[in-house]
Amino acid sequence: MVGLFVPGSVFCVSAGALAFHGHGEMVYVCCAAATGAIAGDYVSYVSGARSASWVMKRVQEGRFLRFLRRAQMFFAKHGGKSLLLARFMGPIRGFVPFVAGGARMRPRAFCLYTFSGGILWSIIYPGVGYLGIKTLAPMNISASAFLITGLCLVLVVLLYIKLKNPES
């Protein structure tokens with residue numbers, strides 16, 4: 001659940017973009033991203049193994065409980081591969097390792113799926129930033145600035161709609 005408080009995907013995409021501009025090496029960015037992803041999942045897994053039943057008894061309503069329930073259903077349906085799949089699925093990403101720990105998933109299987117997902121994620125997300133900036137670089141500054149501003153506005157509108165109607 002560490003990933004709920006630290007938006008690693010935003011940092012990774014940004015770090016990939018900075019690496020393209022020469023402010024860091026892509027290999028180091030990917031290694032740091034993998035380390036953070038795997039360590040974050042491990043902390044969530046251990047937290048779930050130690051406190052999942054306590055948390056479930058005390059959390060009775062709200063957004064946290066909704067995401068926790070979604071993660072439980074997702075884990076029940078997909079088992080260990082849910083750790084790999086959830087890595088790329090925003091809201092439940094931080095909850096699935098917690099649920100896996102609470103479900104007493106075998107540590108060896110947890111490590112296999114978490115390492116696989118963490119390494120894939122640590123290549124894809126910084127790669128998106130790197131290749132995205134590489135694609136925008138040949139455009140003139142005003143066109144790329146317009147595109148980025150437009151994307152930001154779309155994200156703000158979607159976030160506003162989501163916050164205004166939390167049931168969706």
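We did not get these values from a lab; they are worked out from the coordinates using the rules stated. Because the structure is predicted, anything quoted here is derived from the model rather than measured. Here Cβ is always computed from backbone atoms with ideal geometry, including for glycine, and neighbour counts include all displayed protein chains.
Compute the FRET efficiency between CYS31 and ILE161 as 1/(1 + (r/R0)^6), taking r as their Cβ-Cβ distance and R0 = 35 Å, and round to the nearest 0.05.
Approximately 0.40, to the nearest 0.05.
Provide the net charge surrounding PRO107, with neighbours chosen by a C-beta distance below 15 Å and charges set as Lys +1, Arg +1, Asp -1, Glu -1.
After counting each charged neighbour, the total is +3.
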